[in-house]
Amino acid sequence: MNAAFLSPPAAAAVSGTDLLLWVAVPYVCLSVFVVGHVWRYRQDQFGWTTRTSQLLEHRWLRWGSPLFHLGAFMVIAGHVVGLAVPGSWTEAVGISEHAYHTTAVWAGSVAGVAMIAGLGMLCARRLLNRTVRLGTDRSDKLLFPLLSATVLLGITATAAHNVFGAGYDYRSTVSVWFRGLFVLQPQPEAMIGAPLLFQLHALTAFLLFAAWPFTRLVHVWSAPVGYLVRPYLVYRRRAAPSAAPGRRRSVSGSR
């Protein structure tokens, strides 16, 4: 990978389409994300689960689920650092831009491959196993393609530009746009010069946020913290029942 990252092109004039894609769509998706979770919790608390199908099939799940979740945690952590932390902050603690990008690219690639492998196993399991396939509801039919598209676009963008390409500093464009949304100072011009793969990855990610409250993804907010402080369960062995009185009389009478 070339250490000299390409600087983003000069920002072009912001059009109505740019405002729609990089301001309106993200805010609508975030609003649906928040309101949808409140609605789901109030209307469907009993459905706030993973809808596990482990009893239907466990061999593929045994490998696919850990790979997917481990890769997802690493990818999320990388996105939090890459999008939320400005480059000046990492440089202030002694991490050079080259060192940051080298670590982010290769660690992100490993995490992405693990996530894709796990997601591929889970999707294949759901498609090829008839019992699991019959248990797939409409929300899963929306979630799995959208999640797959988001992950594949992200790993493809990284590979095309930062592994096999000349390098692209997304923290000077995508990260600036992302942070601007959350401080209510949107900068759509920051996304205009970003490569198409990064743009598509960002759009599918926000669409995934909008679909989140209506799918099994809500279970990520239900960490079993209560188990850490729950009192122990006491089990008592039931004593063996003694012989019935009538039985004893009949035996003694036979003698």
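The values are calculated or read from the model by the stated rules, or taken from the named source; none is laboratory data. All values reported here derive from a predicted model rather than from experimental measurement. Positions of Cβ are generated from backbone atoms using ideal geometry, with glycine treated the same way; all protein chains shown enter the neighbour counts. Surface accessibility is based on the protein's heavy atoms, side chains included, excluding ligands, DNA and RNA. Shrake-Rupley method; radii C 1.70, N 1.55, O 1.52, S 1.80 Å.
Observations, loosely collected:
- For the residues TRP63, TRP106, TRP48, the requirement of being under 19 Å from HIS201 (Cβ atoms) and modelled with pLDDT under 90 singles out TRP106.
- Looking at the stretch 136-199, the helices (runs of 4 or more DSSP H) lying wholly inside it that each contain 3 or more residues that are open to solvent by less than 30 Å² (accessible area, probe 1.4 Å) sit at 138-158, 174-182.
- Pair list, Cβ < 6 Å and 6+ apart or interchain, from the stretch 117-131 residues that are closer than 16 Å to PRO145 by Cα and at pLDDT 90 or above to residues that are open to solvent by 40 Å² or more (accessible area, probe 1.4 Å) and not aromatic (Phe, Trp, Tyr): ALA117/LEU67; GLY118/LEU67
- Looking across the stretch 45-77, the residues that are of a type in the set (Gly, Ala, Ser) and either open to solvent by less than 40 Å² (accessible area, probe 1.4 Å) or touching a strand residue (DSSP E or B) at 6+ places or on another chain (Cβ under 6 Å) (or both) come down to GLY47, SER53, GLY64, SER65, GLY71, ALA72.
- Residue in the stretch 40-48 that is touching a Ser or Thr at 6+ places or on another chain (Cβ under 9 Å), farther than 18 Å from GLY108 by Cα, in contact (Cβ under 8 Å) with a residue 24 or more places away in the chain and not polar (S, T, N, Q) present: yes
- Scope the stretch 86-116; condition closer than 29 Å to ARG216 by Cα and open to solvent by 40 Å² or more (accessible area, probe 1.4 Å); matching residues: ALA107, VAL110, VAL113, ILE116
- Hits in the stretch 124-135 (condition: open to solvent by 30 Å² or more (accessible area, probe 1.4 Å) and assigned to a helix (DSSP H, G or I)): LEU127, LEU128, ARG130, THR131, ARG133, LEU134
- Flag if GLY120 is assigned to a helix (DSSP H, G or I) and out of contact with any Ser or Thr (no Cβ under 8 Å at 6 or more places or on another chain): yes
- ARG42 vs. criteria at pLDDT 85 or above, within 19 Å of SER139 (Cβ to Cβ) and either surrounded by 11 or more Cβ atoms within 10 Å (Cβ to Cβ) or among the basic types (Lys, Arg) (or both): yes
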